[in-house]
Structure formats: C-alpha cells, structure tokens
Amino acid sequence: MNAKTASWLSAHGRLWYDDRWYRIAWIVWPQALGLLLFIALWLNHPVNQSLVPWAKPVAQTPKAPATAAPPSKQQVAPPLAEQAVDLLAPCKGSDYARIILDCTALLAGGKLQGDDIARAYWHRGAAYYGAKQFQASMADYNRAISMQPRAAEFFNDRGVLLIDLENNERALQDFDYAILLKPDYALAYSNRGVALRNLKRLNEAMVALTKAIEIDPTMGLAYENRAYIYEDRENWKAMYDDANKLIELQPNNRMGYEFRGHAYLEVGQQQAAISDFTKAISIDPNTVYGWRMRGRAYYYLNQYDRAMEDYQAALRIDPKNNDTISFINDLKRAQRGR
C-alpha cells in the first residue's frame, strides 16, 4: 500500500469514528442512489410504460421490410365466393362439348373440395343434358345429389331431365322435394306445373304455375306454360293476357306473339293475328306453328294463295306435321267449292 492510500484510509477512519454525519452519509447515500437507479430502470421497461399515467406513447410508423413490395390490387386475395366461382369456371358456359371435357379434367385433377365437387358434377350433368346425352346427365345429377342432398337446384334439374324422359311422376317427386328444401323456389313450381300438365292434371298444374308467378312475377316461363293450359281450355282472354305479359317480359320470345296471335285468330281479328305471327316468324323462321297459323289467318280472309305459301313453308320444316296437313286439306276443299 502506498503512502497516499494509507493517508486516505487513516483520515477515513478518524472521520468515521469522530463525525456522526460522515458515517450516516456513507451508509444512506449509496443505498439511496441504488434505489433511484432501480426505479429508473423499472419505469423505463416496456412492460411498465402504461403504468405511468402522464406518459404519452410516441407514434411510430413501422417500417416495411426492404424486400416488401408496395400493396397492389393483384396482391389482395379475392373473397372466398369469388375463388369458388373461378374454380368452377371450366364447368360453365354454353359450349356443351367443351364444358364436358374441361369439367371432367377439373374433377380428375383433385383440386376441388367439399360442395364444389358436387357442383362440378351438377354443371357437367347440365352440359350432358344440353348435349342430349341423357344417361350421362342422369348419372352426374345422381352423384351431385348423393354428395349434397340439400341442394334444391339439383333436384329441380333432375326433374327437368325426367320430364324429357317422359317420367313425369318421378319428376314430380323431385320438384316436390326441391320445394320442400326451398319453399320460395319459383322455377320448381313452374316445372311442377309442366309435369302436371303432361299428366293431364290441369287444375293442379294451374295452381303450381300461378304459385310460381306469385313468387316471381317476372318469370316468363311460368306465363308461357300457363298460356298452354289456357290454350288447351280455349280460354282465349286469359291466354291473351298471359301472352301480353310474356311479350312485356321477353319481347324477343316468339311464344308470346304466337299465343296472342292465336287469341286474335279465335276472336276473328285476322289482321292482328297475321301481324303477331309475322313477328314470331321474324324471331324464329323455323317455327312451324307461326307459319301454319298465319296461313290459317290468310285462309279465313280467303287469301288462299298466301295461305298455301305459308302451309308449304311449314311443311318444309316438318313434312309430317298432321295439323299442317289437315289445314292444307281444308284449303283444297275450299278451293274446289269456289
């Protein structure tokens, strides 16, 4: 120990025993400084910042990583519904052959899950139906229904196929079940009316079609099918009203003009009938009904040459149509009686 250190210790010892305040200072101040240091460190810890009532957090803008790309619309994931629609896109469209191929590939690819698998079979079944491949369509509809037995539209579409297969009783079961699943299903009511009409249960058919119209007053198909029943019953005024509504809803549907033209024909308004049948022919030149019925209107006006021209046009489309042949025979008898 050097002389300087020894001298300091001698002075410290003398003051420690002789000066009470010097002794207190050496005991208290180090502890006080240690306590203050501990409090300062504790208050500045992130966990305890919220405990300081007067402290205001400093707003900080987080920095994006150096490699982060700026946000763009392309980076935003679409809603789940949009993803599902995009996923099933190959199963939709109007090219039935293309849909069958693409939808088959999609089903085989293993990317579909859950209800999308059932809907893919349903869409492909509809494409098979459009392509007149009824057996394949039925198989796909059955698969879809077995996988998703509470989808009302699956039962409705299988019912339509059953009507084409002339199994109207089974079709009714599918339409009834579709309505059970979805009580406000206007299309199922309309199709139910068609099946009932085919079974000659006209009163029940009328109830079903009227219910479809009550649910959806814009459903042209229901007016069209109800007009057929009015035509069967020769209720020309009611047929005329439904025809007008159909023309209002679907001005490019020839059926409205044909129904209204027939109503005009039956009440003796031949020129109005000719005008409507001409409109129907302009929409669809292959309408046997339009050519034949316009010929009939000319026949009633004694314009036999024009009548025969229209009958011949109808025969070129369907050479074996019995109604057209019957009208031609009437015309020939009228010509002989001149």
Just subtract the alpha-carbon distance of N244 and E266 from 0.36 nm times their residue separation and send over the number in nm, one decimal.
6.3 nm
Taking only Cα atoms of the range 234-338, the Rg to Rh ratio with Kirkwood Rh works out at 0.98
Kirkwood Rh, angstrom, the range 173-250 [1 / mean 1/r, Cα pairs]
12.3
List R254, R333 from most exposed to least, where exposure is judged by having the fewest other Cβ atoms within 10 Å.
R333, R254
Cβ-Cβ cut-off under 10 Å around A186, Lys and Arg +1, Asp and Glu -1: the net charge is -1
Taking square-rooted eigenvalues a ≥ b ≥ c of the alpha carbon gyration tensor, is the range 81-149 rounded, prolate or oblate, where a/c under 1.5 means rounded and, failing that, a/b exceeding b/c means prolate?
oblate
Taking the range 152-310, how many lysine pairs are there with alpha carbons less than 21 Å apart, if each pair must be eight or more places apart or span two chains?
7
Under a plain spin-label model, where a point goes 7 Å from the Cα along Cα-to-Cβ, how far apart in nm are K237 and Y300?
1.8
If you take every residue apart from L101 with its C-beta less than 11 Å away from the C-beta of L101, what net charge results, scoring Lys and Arg +1 and Asp and Glu -1?
0
Just to confirm a number: summing +1 for Lys and Arg and -1 for Asp and Glu over residues other than D318 whose beta-carbon lies under 15 angstrom from that of D318, what do you get?
0
Theoretical gain in end-to-end length, N329 to D95 [0.36 nm per residue, Cα-Cα removed]:
80.0 nm
Which residues in the range 117-138 have a backbone N closer than 14 Å to a point placed 7 Å from the Cα of R170 along the Cα-to-Cβ line?
134-138
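Read-outs: derived from the displayed coordinates by stated rules, not from any lab. Not measured: the values here are computed from a predicted model. A quick note on method: Cβ atoms are made from the backbone with ideal geometry, for glycine too, and the neighbour counts reach across all protein chains shown.
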